[in-house]
Amino acid sequence: MSPEQENILEAHGVTKQFGGLTAVNDVSFAIPQGSIVSLIGPNGAGKTTFFNILTGLYKPTLGRVAFSGKNITAGRPDKIMALGVARTFQNIRLFGTMTAIENVMVGQHARMKAGLFGSIFRPPWVRGEEQRVRAKAAETLEYVGLRSGVHDQLATNLSYGDQRRVEIARALASEPRLLLLDEPTAGMNAQESESLTRFMQKLRDDFGLSILLIEHDMRVVMGVSEHVTVLDHGEKISEGEPQAVRSDPQVVEAYLGKQEAERQRAEQEGAV
């Protein structure tokens, strides 16, 4: 990361407790403008909880979150999205009884002007806005690689890969400045994961987006990330450039266990 880069999002001392369980403990974190960064860690590390705090689904017990300098710590998810933060979910959350294009149109709701009055009485300007929204939704679906022949199919009838594309298109429809992707390659084969890696870079370059990624596939993380943060048991244990993080003994131990980490260290020392 260049020291001149301005941070689009900053989290300071974020802690989240559920009763007696501390899911995230005093985590500080920053996303530079226009960067692709990853948040990784073993199962139960607190990654998704942290994601949910950044998007307003959870309120932190302690700490502060700022987006473009604006305090969003207590913000509602819809208000945070309207500011320019969009996300996908590890488990796809499309409206199954809506078509692909309708799902993406929902993503544009925060940018529409009709309101309750317009939705009820539907004057000509509202109908014109709906037509523009539908056209933009179709364009976004084409951009993410969903062929036009399935735009009007129910989301529940689409293949897993196409549902992922619709979910990303719905997030893009809200015109975000920061896109949070939660396990986007889950269920994909190696070729599909590689394709998505290239697509994330294209998103950043085409739209000037900043992207935060939760991902288990280390090939994807190493291939696309400029900066990696590692959580374990809710605490930040490592942070830095991908190659440095991957060789960090604390990270190896978190993923592989203490015995394997010590074995790898012994091998490295023996090779010196």
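The values are calculated or read from the model by the stated rules, or taken from the named source; none is laboratory data. Since we're looking at a predicted model, the values are computed, not measured. Reconstructed Cβ throughout: ideal geometry from the backbone, glycine too, with neighbour counts over all protein chains shown.
General observations
- The set of residues in region 94-135 being under 18 Å from Ala82 (Cα atoms) and either at pLDDT 90 or above or aliphatic (A, V, I, L, M) (or both) consists of Asn103, Val104, Met105, Val106, Ala110, Met112, Ala114, Leu116, Val133.
- Residue within region 228-244 that is crowded, with 16+ Cβ neighbours inside 10 Å, within 24 Å of the chain's Cα centre (by Cα) and modelled with pLDDT under 90 present: no
- Cβ-Cβ distances below 6 Å connect the following pairs, each with a first residue in region 132-146 that is more than 10 Å from Val104 (Cα to Cα) and not assigned by TED's automatic domain parsing to the domain that holds Gln201, a second residue that is basic (Lys, Arg) and crowded, with 16+ Cβ neighbours inside 10 Å, and a separation of six or more residues or different chains: Val144/Arg165; Gly145/Arg165; Leu146/Arg165.
- Within region 22-44, the set of residues being at pLDDT 95 or above and over 26 Å from Lys202 (Cβ atoms) comprises Thr22, Ala23, Val24, Asn25, Asp26, Val27, Ser28.
- Residue among Glu194, Glu175 that alone is farther than 24 Å from Val24 by Cα and assigned to a helix (DSSP H, G or I): Glu194
- Residue list for region 49-87, restricted to those being of a type in the set (A, V, I, L, M, F, W, C), assigned to a strand (DSSP E or B), over 20 Å from Phe18 (Cβ atoms) and over 14 Å from the mean Cα position of the chain (by Cα): Ala66, Phe67
- Index of the failed condition, Lys47 passing every other in (1) farther than 17 Å from Glu215 by Cα; (2) crowded, with 20+ Cβ neighbours inside 10 Å; (3) basic (Lys, Arg): (1)
- Residue in region 177-236 that is farthest from Leu62 (Cα to Cα), counting only those that are touching a helix residue (DSSP H, G or I) at 6+ places or on another chain (Cβ under 7 Å) and of a type in the set (Ser, Thr, Tyr): Ser193
- Of all the listed residues (Ser247, Ser159, Ser225), the sole one being without any contact (Cβ under 8 Å) to a residue 60 or more places away in the chain and assigned by TED's automatic domain parsing to the domain that holds Ala23 is Ser247.
- Flag for Leu181 being in contact with a Ser or Thr (Cβ under 7 Å, 6 or more places away or on another chain), part of a strand (DSSP E or B) and in contact (Cβ under 8 Å) with a residue 12 or more places away in the chain: yes
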